[in-house]
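Trainee: Got a structure for you, questions after.
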Amino acid sequence: MAGGPIVENAAGQPIEAQPTYQVASDGAGGGTAVEYADAGGYPAGASPLQASSGNKANAVASALLAATPGQLTYITGATVTGGGTTAGGAADLTISGLLGGTMTIPLMIPAGANVPLPPLNLTFIPPLPASAVNTAITASLPALGAGGLSAGVTVRGFSK
C-alpha cells in the first residue's frame, strides 16, 4: 500500500507502514478491515486488552481477553513461560474463541523442575479476530505435570 507513514524497523531502517489489514473475509472478496493510526499502535478507536494467568504450579494457566458488548475482540499476541517437570513431556497451548476455530500449538516441556521452558512469544500480524461480536478469546495451557513449579500465559489484544 502506498502512502503509509514511514517508521523504523528493528534494524533502524526506514520502512513504509501498512496502515490497513484485512482480518476476515466473507469469501466474496469483502471483509473486515482494521485501520491503524501507525505501524506500532492500536487501531483508531480501539480499547487495548491484556490478561495474564499468573504463575501456576502444576495447574491450568488461562488468560482471557474479555468480550466487550457490541465490539469484536482481537488477539495480537501471546506469551508462554514456565519451567520443566519431573519427567518432561508435551502440552498444547490452545487459543479459543477465534474466527475459524481453536488454534492449538504443541509445546515440549523439559525434564527437570528447575529447567526453564524456552519462552514462547507469539505475534499475530494481522491480529486474529474473535469468531463473533461480543466473544472472548482465551489462551489456556494445561497443568504441565508432577514437579511443575511454574507456568504462565499472557495474552494481548484489543476490542473495536
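Trainee: May I ask you to say which residue of A90, A66 is out of contact with any Ser or Thr (no Cβ under 7 Å at 6 or more places or on another chain), closer than 17 Å to S47 by Cα and of a type in the set (G, A, S)?
Mentor: Result of the check over A90, A66: A66.
Trainee: Any idea how many residues of the range 116-159 are within 14 Å of Q50 (Cα to Cα) and in contact with a Pro (Cβ under 7 Å, 6 or more places away or on another chain)?
Mentor: Residues in the range 116-159 being within 14 Å of Q50 (Cα to Cα) and in contact with a Pro (Cβ under 7 Å, 6 or more places away or on another chain): 2 in total.
Trainee: In addition: Out of the range 25-62, which residues are among the aliphatic types (A, V, I, L, M), part of a strand (DSSP E or B) and either modelled with pLDDT of 95 or more or within 23 Å of L93 (Cβ to Cβ) (or both)? It would help to see each step written out before you state the result.
Mentor: Here is the first cut: in the range 25-62, the residues among the aliphatic types (A, V, I, L, M) are 28, 33-34, 37, 39, 44, 46, 49, 51, 57, 59-61.
Cutting the leftovers down to part of a strand (DSSP E or B) gives us 33-34, 49, 51, 61.
Within the range 25-62, L49, A51, A61 meet the criteria.
Trainee: Assess whether G84 counts as being under 16 Å from G152 (Cβ atoms) and modelled with pLDDT of 80 or more.
Mentor: Numbers: under 16 Å from G152 (Cβ atoms): yes; modelled with pLDDT of 80 or more: yes.
Answer is yes for this residue.
Trainee: Residues being closer than 24 Å to P119 by Cα and either among the charged types (D, E, K, R) or touching a residue at least 60 places away in the same chain (Cβ under 8 Å) (or both): count how many of those fall in the range 39-62.
Mentor: Here the count works out to 15.
Trainee: Additional query: Can you name every residue in the range 111-160 that is under 14 Å from T79 (Cα atoms), surrounded by fewer than 17 Cβ atoms within 10 Å (Cβ to Cβ) and polar (S, T, N, Q)?
Mentor: Listed by number, the residues that qualify are N121, T123.
Trainee: Now for a different question. Could you list, in sequence order, the residues of the range 89-110 that are surrounded by 15 or more Cβ atoms within 10 Å (Cβ to Cβ) and either touching a Lys or Arg at 6+ places or on another chain (Cβ under 9 Å) or without any contact (Cβ under 8 Å) to a residue 40 or more places away in the chain (or both)?
Mentor: If the condition is that a residue be surrounded by 15 or more Cβ atoms within 10 Å (Cβ to Cβ) and either touching a Lys or Arg at 6+ places or on another chain (Cβ under 9 Å) or without any contact (Cβ under 8 Å) to a residue 40 or more places away in the chain (or both), then L98, M103, I105, L107, I109, P110 are the ones that fit.
Trainee: Every residue in the range 63-103 that is closer than 17 Å to A113 by Cβ and assigned to a loop (DSSP other than H, G, I, E, B), please.
Mentor: G84, T86, A87, G88
The values are calculated or read from the model by the stated rules, or taken from the named source; none is laboratory data. Note that the structure is predicted; figures quoted are calculated from it, not measured. Here the Cβ is made from the backbone with ideal geometry for all residues, glycine too, and neighbour counts use every protein chain on show.
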